[in-house]
Amino acid sequence: ESLEAQRAAAPKPNAFDDLDFKFGERWIPKGVYEKFASSLFDTEVKVSYAPDIDEYSVKASSLNAKILNQYAVDSQSRKYNGIHLLKHALQNTSPDITKKIPTLIDEIPILAVAAALAGGETVFESCGELRVKESDRMAAIIEGLDAFGVTAFADGDDLHVVGTNGSRESMARHVSLVTHGDHRLAMTWYLAGEAFGVDVELDDPDCVSVSWPDFFADMESLQRRGATLSSR
């Protein structure tokens with residue numbers, strides 16, 4: 001009986017899926033990274049670590065389509081293939097990925113929400129035009145994200161958003177936001193609430209009628225259709 005009681009009282013090990021660790025943690029054997037990368041890229045990948053300079057190196061036996069295309073990212077100045085991005089992940093550094101978006105100024109509010117859920121810091125460069133739209137959207141985006149618990153700031157005409165890496169632990173449960181009569185901000189904050197799992201109260205939700213009068217009805221319809229599909 002004593003032995004059974006000890007077994008019952010012993011803590012149970014966490015399931016692997018419940019473990020929380022990040023790429024590049026030094027205690028993880030490099031062989032684990034090698035197996036992961038080799039499976040991901042469908043070719044043999046070797047990972048080495050130099051503790052004296054705290055640096056990883058990554059080499060693939062062949063540069064195939066997965067490395068060069070599927071898991072690659074084109075930036076303004078260069079292309080980062082999968083091996084480059086893997087090394088950045090191991091080193092916990094961010095590649096310099098910039099994109100010119102001169103025609104997407106109206107999409108920056110919702111892109112800022114996406115950046116808030118991403119990992120690392122996203123910089124929207126040269127977007128000072130946000131300040132002279134229907135409202136000062138630069139200030140409003142920073143103010144709104146701050147209400148949710150997300151760090152954002154302006155540096156000149158650049159907008160910085162510090163991503164939460166999908167974590168909602170620091171998120172508020174309920175936020176009241178000012179739309180400034182701006183239809184895009186109203187739609188953005190509604191969608192942010194859905195993405196973050198936060199109850200959002202808008203001071204002027206009716207301002208969406210400028211561009212999308214049925215916005216809220218359409219969003220609720222999409223939610224119902226999604227719930228119906230997920231239950232099948």
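Within region 183-194, residues that are farther than 16 Å from residue 111 by Cβ reach partners that are modelled with pLDDT under 95 and assigned to a helix (DSSP H, G or I) with beta carbons closer than 7 Å, at six or more positions or on different chains, in the pairs 183/210. Residue check: residue 73 meets all listed conditions (1) of a type in the set (A, V, I, L, M); (2) modelled with pLDDT of 95 or more; (3) in contact with a Pro (Cβ under 8 Å, 6 or more places away or on another chain) but one, namely (2).
Scanning region 167-189 for residues that are of a type in the set (S, T, N, Q), in contact with a strand residue (DSSP E or B) (Cβ under 8 Å, 6 or more places away or on another chain) and either surrounded by 18 or more Cβ atoms within 10 Å (Cβ to Cβ) or part of a loop (DSSP other than H, G, I, E, B) (or both) gives a single hit, 179.
Filtered by the rule that a residue be exposed (fewer than 15 other Cβ atoms within 10 Å of the Cβ), part of a loop (DSSP other than H, G, I, E, B) and within 20 Å of the chain's Cα centre (by Cα), region 120-166 gives 165, 166.
Checking every residue in region 33-42 against the condition of being of a type in the set (A, V, I, L, M) and modelled with pLDDT of 90 or more gives at least one match.
Screening 22, 59, 12 for residues that are surrounded by fewer than 14 Cβ atoms within 10 Å (Cβ to Cβ) and modelled with pLDDT of 80 or more leaves exactly one candidate, 59. Residue-level analysis places residue 113 among those that are surrounded by 17 or more Cβ atoms within 10 Å (Cβ to Cβ), among the β-branched types (Val, Ile, Thr), in contact (Cβ under 8 Å) with a residue 40 or more places away in the chain and closer than 12 Å to residue 192 by Cα.
Taking the criterion of being closer than 30 Å to residue 192 by Cβ and modelled with pLDDT of 85 or more, the residues of region 76-91 that qualify are 80, 85, 88, 89.
Taking residue 67, is it surrounded by 16 or more Cβ atoms within 10 Å (Cβ to Cβ) and in contact with a Lys or Arg (Cβ under 9 Å, 6 or more places away or on another chain)? So residue 67 fails the test. Residues in region 56-84 that are touching a helix residue (DSSP H, G or I) at 6+ places or on another chain (Cβ under 7 Å), part of a strand (DSSP E or B) and not hydroxyl-bearing (Ser, Thr, Tyr): 58, 60, 73.
The values are calculated or read from the model by the stated rules, or taken from the named source; none is laboratory data. On a predicted model such as this, the values are computed, not experimentally measured, just so you know. Here the Cβ is made from the backbone with ideal geometry for all residues, glycine too, and neighbour counts use every protein chain on show.
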